[in-house]
Each structure stands twice: as C-alpha cells, then as structure tokens.
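All remarks here apply to the structure that follows.
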Amino acid sequence: MNEMINVALPKGRLGKKVYDMFERAGYECPSIKEDNRKLIFENEDAGVRYFWVKPSDVTIYVERGAADIGIAGKDILLEYEPDVYELLDLNLGKCRMAVAAKGDFRDNTGRTLRVATKFPGITRNFYEKESRDIDIIKLNGSIEIAPILGLSDVIVDIVETGKTLKENDLEVIDTIVPISARLIANKASFKFKTKAIEGIRDSLRVQVNQ
Ligand code: PRP
C-alpha cells in the first residue's frame, strides 16, 4: 500500500487551480470535483488525501503535522513565520503587499503613522526597517475603508489587480514584497516521507517551469 500524503488545500479559486496541478501530476482524486460540501477526499491508489481548509489556516495544519504538505500564500508565511519548509514557488496567486493611502496623503514624519492592516507582523517589520514610528490598527477585512473614514493614515494590504484601491480612491505609495502561493511541508513529514513529498514537488515544479 502507498504511503498516504495529506495535503491541505486552500479553499477557493486558488485551491482549485492548485488541485488541477496535482491532478496533472498524477495525484488525481475525481470526487473532489463533485458538487458537494465534503471537506476530505482521498485516493488510496495515488497515495493522497486532500482537505479543504481556510487559506489562512493551511500553515497551522502543516506546522502541526495534521497535513504533510499544503499550499499557503507568501503573505501568510511572512506574517506568521510558521516552522515549516517552503519547497516551491507555484507562481500562482500572484499579487503584492503594498502600502496605500488617499491621493492627497502627505506623510508627516514628525507624527506617529496610523496603519490599518490584516498583517501586523509584516507591517511592523517593514516600518522598523524604515525606522518609522507607527500605530498598528488591526482589522480583519475591508481595510480600504480605514483611510477614507480617518481611522488610519495608510493601509498595508494585498493588491492584486488594484481595482479595490482604485474604486476607493486610494493609491499605492510603497510596495513591500511580491506575493505568490508556495508549496510547504511539515518538517517531520519531510524527513520520514521524503521520497513521496519530493516526488510531488518535482512533478509540480515541471508545470511551474513550463
Ligand atoms: C483582498 C485585499 C484587497 C483585495 C485586492 O481582499 O485585501 O481588498 O483583495 O484585490 P484587487 O487589487 O484585485 O482589487 P479580499 O478579497 O481577500 O477580502 P478582505 O476585504 O476580506 O480582505
């Protein structure tokens, strides 16, 4: 019997694209495409078990070994710094972490900058390097509203197409880091299931480089 590899996939559009890559690599599990609300799918012959989890939870499953491997955004890896191996840049889900503000924003370095974000860790690191005093306002979504209502001076958030910023009259004033989806592995799993995990990584890598 094959050794099973547990794969945490991020729910949503990105996760579906990633599953398609696994399928093309020979790790198919057709039942996953059926219209149902199941969260766990398994193909014993191919040696894989997939589960759909909230994108921001993938690293938790992988770090604690509930999943051997998973797909997480670089934003989550930078924010939470989980103790996992990063095996491959999948070149999907590409966007950037950026600082944005209203068009008429002028930074007054004499004052503490109020920054609204879902990513306090990334924000802190960025402004520490800039030696800028900031006050972090942690929000959980719809960050773009903060500067409009005067809750913050700027925001640190993900920009993909730029549409959300544009429609809310905000502009990028700094790019912090490019973001994309990464294949990650639990450290112990990688040690004990090296061949199987490297096999998956290599067959995904071929598709990334195409
Ligand atoms: C993300 C991000 C921006 C938006 C950027 O939000 O926080 O709001 O996508 O995409 P765009 O540049 O293509 O417009 P998400 O959809 O994850 O929702 P959220 O408001 O809950 O963060």
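Protein heavy-atom accessible surface, 1.4 Å probe, per residue over the chain: 56 Å².
Pairs of Lys residues in the range 2-85 that lie 8 or more places apart, or on two chains, and have C-alpha atoms under 17 angstrom apart add up to 12. Bridgeable aspartates and glutamates around K94 (alpha carbons under 14 Å apart, same-chain partners fewer than 8 residues away excluded): D75, D157, E160. Using R0 = 22 Å, the C-beta based FRET efficiency linking E167 and F105 works out to 0.80.
Couplings for the range 77-86, taken from phi via the Karplus curve 6.51 cos²θ - 1.76 cosθ + 1.60 with θ = phi - 60°, read 5, 6, 6, 9, 6, x, 7, 9, 8, 9 Hz in order; Gly and Pro are left as x.
What translational diffusion coefficient, to the nearest whole µm²/s, does the range 59-186 have by Stokes-Einstein, given a Kirkwood radius computed over alpha-carbon pairs, a temperature of 37 °C and 0.692 mPa s viscosity? The estimated diffusion coefficient comes to 212 µm²/s. For the peptides 32-43, 125-136, the ranking by packing is 125-136, 32-43, with the highest mean count of neighbouring Cβ atoms within 10 Å listed first. Our coupling estimate for the range 64-70, obtained by passing each phi through the Karplus curve with A = 6.51, B = -1.76, C = 1.60 and θ = phi - 60°, is 8, x, 5, 10, 6, 9, x Hz, Gly and Pro reported as x.
The fraction of accessible area contributed by carbon and sulfur in the chain is 46 percent, rounded to a whole number (1.4 Å probe; ligands and nucleic acids excluded). Taking the charge dipole of the range 60-206 about its Cα centre, with +1 at Lys and Arg Cβ atoms and -1 at Asp and Glu Cβ atoms, the residue from Y127, Y61, L151 reaching farthest to the positive side is Y61.
Secondary structure note: in the range 95-210, about 60% of the DSSP beta bridges are antiparallel.
Legend: P(r) of the range 34-98 from all alpha carbon pair distances, 5 Å bins from 0, whole percents, reading 3, 14, 25, 23, 18, 11, 5, 1, 0.
The slack between V177 and D57, meaning 0.36 nm per residue of separation minus the straight C-alpha distance, is 41.1 nm.
Each peptide in 64-75, 171-182 was scored by the mean count of other Cβ atoms within 10 Å over its residues; highest first, the order is 64-75, 171-182. Considering only Q210, V115, L77, and ranking their Cα positions along the charge dipole of the chain that arises from unit charges at the beta-carbon of Lys, Arg, Asp and Glu, the one farthest toward the positive end is Q210. Distant-in-sequence amide contacts of A46, defined by a placed amide H-H separation under 5 Å and a gap of 5 or more residues or a different chain, comprise nothing.
Annotation: amide H-H contacts under 5 Å for I179 (H modelled 1.01 Å from N, sequence separation of 5 or more, or interchain): C95, R96, M97. Given only helices, namely DSSP H runs of n ≥ 4 each adding -39500 (n - 2.57), what is the per-residue ellipticity at 222 nm of the chain, to the nearest 500 deg cm²/dmol? Taken over the chain, the calculation gives -8500 deg cm²/dmol.
The values are calculated or read from the model by the stated rules, or taken from the named source; none is laboratory data. This one's a predicted model, so the numbers in the text were calculated from it and none came from an experiment. Virtual Cβ from ideal backbone geometry, glycine too; neighbours counted across all protein chains shown. Surface accessibility is based on the protein's heavy atoms, side chains included, excluding ligands, DNA and RNA. Shrake-Rupley method; radii C 1.70, N 1.55, O 1.52, S 1.80 Å.
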